[in-house]
Amino acid sequence: MKESMSKQQGSAALRNHYERDGYVVVPGIFSRDLLTSLRGYTEEMLAASNQRLVQTAFDAGGAVKLVKVSGLAERDARYRELATAPALVDVVEALLGPEARRFRDVLVVKPARTGGAFSYHQDSAYWDVEPKALLSCWIALGDVSQEASCLRVVPQSHEELVEHGLYFGGKKPVPRPIVRGLRRLVSLAGTGDNPDQAAGSMLAWRLKQLILARATRVAPFVFDLQDYRIPPAMTVNRREVELPVRAGDVIFFHSLLWHASGPNRTEASRYAEIISFMGANARIEGRSTATFPAARAHDVG
């Protein structure tokens, strides 16, 4: 009974922090050994270059500045075990309620000394899911310091959706017709980079990959077209919190929370697996959310 009461009190404290600030950091959910092993496995997997949903962006010198791999939890047993780990799902259900479902996952790799940064944005600006109250779990496959591109957030910024835009060089606005066209392409390609599960078109996803990733090999400035962001003027003088983590810690954050990450200035690549969940009342136009996998894996038989 005492253990049950303690667990309930712990869940309530997490939920209160999350509802107030839009995020919460839970230390030690995974073991360091597990994540170290997963990182080594992932490095070998990416070196084999046989992943179907990989997006690679390049800098002006032709070096890789960012790699994104979508849907590993669906296609890879080790990543599925990570996404369905009871300790992780316990927190997800404490924050979202029972019967949560896994919406998407993406591995983001920032190579050593890369300029692959993301400006302040809200995930729900990219996703066609209602209500705009999804939960993401940010899991680093190693320690991540401030210099290694840790997550940055603006506490209590998760109350409403802000209109996003695109900016060449971080300053010059991209014309709204282009912005609207690219945003429409995101929906056609499967909201959340999820063409298989979110009723997306693989042809549209390939076109999106060509424009936002592969084209950066010959035109690096095109990378700015995937930085769909909160207008820079709105982020001035906001209270920012940096969230360095140790391997095994998990950052849980609301899909409307303003968050960003700077370039990786260290000598080691930074790996982060981001798994996003939606509540039982979530809706996606033209798609039954019941077809998305349950957050908590259930044994069969």
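Laid out as a table, the results:
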read-out	value
Aspartates and glutamates whose Cα lies under 15 Å from that of LYS65, excluding same-chain neighbours fewer than 8 positions away	ASP224, ASP227, GLU267
Surface share of carbon and sulfur [accessible, 1.4 angstrom probe, percent] for the chain	53 percent
Shape of the chain, Cα gyration tensor, a/c cut at 1.5	rounded
Highest to lowest packing among 119-132, 269-282, scored as the average C-beta count within 10 Å	269-282, 119-132
For ARG180, solvent-accessible area (1.4 Å; no DNA, RNA or ligand), Å²	140 Å²
Mean shadow area of segment 88-172, taken as a quarter of the surface of its Cα convex hull (nm²)	7.5 nm²
The chain: most fluctuating residue of GLU93, GLU285, GLU74 per GNM, C-alpha cutoff 10 Å	GLU285
Largest-first ordering by accessible area, 1.4 Å probe, given options SER157, SER31	SER31, SER157
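The values are calculated or read from the model by the stated rules, or taken from the named source; none is laboratory data. Since this is a predicted model, take the numbers as computed values, not measurements. Positions of Cβ are generated from backbone atoms using ideal geometry, with glycine treated the same way; all protein chains shown enter the neighbour counts. These area figures cover heavy atoms from the full protein model, side chains too; ligands, DNA and RNA do not enter into them. Shrake-Rupley method; radii C 1.70, N 1.55, O 1.52, S 1.80 Å.
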